[in-house]
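Single-structure report; data block below.
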Amino acid sequence: MTGRVAIVGIGMTSFGKFLDRSVRSLSEEAVRTALEDAGITSERIERIYFGNAASGIITGQEMVRAQAALRNTGLMGKPMINIENACATGSTAFHLAWQCVEAGQADVVLVVGSEKLTHADKAVSFGAFGGAVDKEEKLPEHVGTGSGSIFMDIYAERTRRYMEATGTTSADIAQVVVKSRRAASLNPFAQFRKKTTVEEVLAARMISNPLTLPMCSSIGDGAAAIVLCSSRVAAQLTGARPVWVATSALVSGLADPTGPNATARAAKAAYEAASIDPSEVHVVEVHDASAPGELINCETLRLCAPGEAVQMLRSGATDLGGRISVNPSGGLLSRGHPIGATGTAQIFELVQQLRGEAGERQRKAAKVGLAQNSGGQVGGDSAAAVVSILVA
């Protein structure tokens, strides 16, 4: 299962609402920490993949986002590739960087996912998400009219169908949030670190029925950076604690949404490429932009049979210390979801878990980790989905 590409450095900022911080400030902090963790300087980096999805709408900085954000890091003059792929931006940047090293095009590559979503006017922040759907596609009339959030209305409709099909209750969905907040309370980088109860989650303001406010991921800012290198370089780095990339699969949504969705197809490709069965995965970071997303994605990733994710939740199998630890970082719900940084933050958490450095969040003897990240919507399917598998 061991691949030829190693992760040797990780760095991350706290996630949260930072009106006084810029994409540059966040990126510099994450890059500095990742390089220090790898034990290298910026001179060793041969190529940079920079993921940033929506902050251009917030700040006005478009087109040369990497060059503007990284100009004081010692990385200028090197190839910089700017990447935007909705909420899958950071994981897409990671996928491309892995491909680059895997193909032998470079030995040491840096991935940065960085996002600035907060604005004094919340309508500007919410408006940034409007471009993540096909603007020429007619959406259902209720989408975006009640909650003000296109995607929470989409997720709410999906949740109602899922609840009807599986018997999942609102209390079950609230329990996902409780689990998420408990994990985040142990994560120094998380945006929401206060524990909560099922009763508090259910009593919160309704956003889009049945989703209450804590069941929805929040606006936020943050950055995470990853250093990847070839096995040859990894062997040369003194003190390196490499985690290996078994594979990474990227797909787009289908025009005909009747077949397997994007996440299912990306997962199938990743499992086959890595020769790994879903039962062998120990720790997972999934795209829980709304709380039921954790349950739905566990089933889509074949971590359990269809309709059985809620039984896994109720049994504690997906909790910290469970058989398969799901979103030990707190996930998008509680770690936060600055969309361009989400994919790299997932990788950050998996590396900590596979190194055995996750502290009280640690899944004992974790050897195989999986990250699932999706973004946008076209024709009822995610516009993009990435599934990456890492091994210790």
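One table, with the values for the structure above:
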quantity	calculated
Output for segment 87-106, where each listed residue is assigned to a loop (DSSP other than H, G, I, E, B) and either surrounded by fewer than 24 Cβ atoms within 10 Å (Cβ to Cβ) or modelled with pLDDT under 95 (or both)	Ala103, Gly104, Gln105, Ala106
Near pairs, Cβ below 7 angstrom, 6+ apart or cross-chain, from segment 147-169 (under 17 Å from Gly131 (Cα atoms)) to any residue that is open to solvent by 50 Å² or more (accessible area, probe 1.4 Å)	Gly148/Phe126; Ser149/Phe126; Asp153/His142; Asp153/Gly146
Residues satisfying the stated conditions in segment 39-63, i.e. part of a helix (DSSP H, G or I), of a type in the set (Gly, Ala, Ser) and either without any contact (Cβ under 8 Å) to a residue 24 or more places away in the chain or over 14 Å from Ala223 (Cβ atoms) (or both)	Ser42, Gly56
Selected residue (only one of Ala383, Ala371, Ala366 is touching a residue at least 60 places away in the same chain (Cβ under 8 Å), surrounded by fewer than 24 Cβ atoms within 10 Å (Cβ to Cβ) and part of a strand (DSSP E or B))	Ala383
Qualifying residue in segment 24-38 (condition: in a loop (DSSP other than H, G, I, E, B) and open to solvent by 20 Å² or more (accessible area, probe 1.4 Å))	no
Residues that are surrounded by fewer than 24 Cβ atoms within 10 Å (Cβ to Cβ) and in contact (Cβ under 8 Å) with a residue 60 or more places away in the chain, drawn from segment 175-184	Gln175, Arg181, Arg182
Check on Ala66, open to solvent by less than 20 Å² (accessible area, probe 1.4 Å), at pLDDT 95 or above, outside any helix (DSSP H, G or I) and within 30 Å of Asp381 (Cβ to Cβ)	no
Residue in segment 317-360 that is nearest to the chain's Cα centre (by Cα), counting only those that are open to solvent by 10 Å² or more (accessible area, probe 1.4 Å) and basic (Lys, Arg)	Arg355
Qualifying residues in segment 72-86 (those that are part of a strand (DSSP E or B), among the hydrophobic types (A, V, I, L, M, F, W, C) and open to solvent by 20 Å² or more (accessible area, probe 1.4 Å)) - the one nearest to Val386 (Cα to Cα)	Ile81
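Condition check ((1) in contact (Cβ under 8 Å) with a residue 40 or more places away in the chain; (2) not charged (D, E, K, R)) across all residues:
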| residue | (1), (2) |
| --- | --- |
| Glu199 | no, no |
| Ala204 | no, yes |
| Leu211 | yes, yes |
| Ala234 | yes, yes |
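The values are calculated or read from the model by the stated rules, or taken from the named source; none is laboratory data. What you see is a predicted model; the values in this text were computed from it and never measured. We place every Cβ from the backbone using ideal geometry, glycine too, and count neighbours over all the protein chains shown. Accessible surface areas use protein heavy atoms only, side chains included; no ligands, DNA or RNA. Shrake-Rupley method; radii C 1.70, N 1.55, O 1.52, S 1.80 Å.
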